[in-house]
Amino acid sequence: MAKAEFTVETAEEYVKNNNSTVHEIVEKKIKDEVSVYHDGKINVADGSAFMSPQMTEWMLRMCGSYDNKVAKAFDVLRNKNSDIRSVAEAYKLVQTKVIGAQKYTAYGMRLSRDGKTIIPYYNKMAIFPVFEAVATGSFAKVFRQMEDNTDAAGNPQPIHMLVMKSAVKFGGQGAVDYSSDASFNVYK
C-alpha cells in the first residue's frame, strides 16, 4: 500500500500556490461551510417540534413532574407582561423538566385522511415548549396561530404540537410550507 504524503504549507505558500488572496480563500471556505444550510442538506430547525403550554402541562403531569413550583412557573410564562428575569427562570425550570423527562419518539400506524389506507409512521424530535412570554418576533405570530386556530366550522381547535418536516422520518402526510401569513389548515 502506498504511503500518503502530506505537506505543511504556511499561509503565504498556500496563497502563492493557489493563486488567490487570503480574502478569497477565506470567502471560499465560508461559502463551502455554510452551503449545506442553503442547499437543503441541513435544516436549521432539524428535528424540532414546538408544543403548546397546554400540551406541555399534560406531558409534565403524565410524567409526574408537574408540581407547585412548575405551576407557578406556568403562571409566569402564560403572562406576556411578566418581567424578563422571572420569565427566564420560569422557562429554564419548565424546559429542564420537559427535556429531562422526554426525548420524544413516536411510531405506529395511522389512517390516511380518507380513512382507506393504513400508514406506518416514525417521528423523532426535540420538543421545545412555547409560551406567550417567550414567543417573540415572527414566532409570536406562529404561537398566536397555534393558540387561536379553529376548525372549518369556526370552533376553537388549538394546535398543540407544531412539528418540523425533518422530525418526520417516514409516514408524513399533509406537510405544508408555512409563512406567518398562512393558515395551519391548508394542506397540499
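Counting only residues that are among the charged types (D, E, K, R) and surrounded by 18 or more Cβ atoms within 10 Å (Cβ to Cβ), how many does region 149-168 have? Here the count works out to 0. Considering only residues in region 106-141 that are among the hydroxyl-bearing types (S, T, Y) and more than 17 Å from the chain's Cα centre (by Cα), the one that is farthest from Y91 (Cα to Cα) turns out to be T117. Filtering region 132-169 to residues that are touching a Ser or Thr at 6+ places or on another chain (Cβ under 8 Å) and in a loop (DSSP other than H, G, I, E, B) leaves A133, Q157, P158, I159, H160, M164. Look at (1) at pLDDT 85 or above; (2) within 17 Å of the chain's Cα centre (by Cα) and you find that Q157 fails only one, number (2). Going by the structure shown, is P120 touching a residue at least 60 places away in the same chain (Cβ under 8 Å) and within 26 Å of K165 (Cα to Cα)? No, not satisfied.
Given the criteria within 26 Å of S166 (Cβ to Cβ) and of a type in the set (G, A, S), does S86 qualify? The answer is no for S86.
The values are calculated or read from the model by the stated rules, or taken from the named source; none is laboratory data. All values reported here derive from a predicted model rather than from experimental measurement. Please note: Cβ atoms are built from the backbone with ideal geometry, for glycine as well, and neighbour counts cover all protein chains shown.
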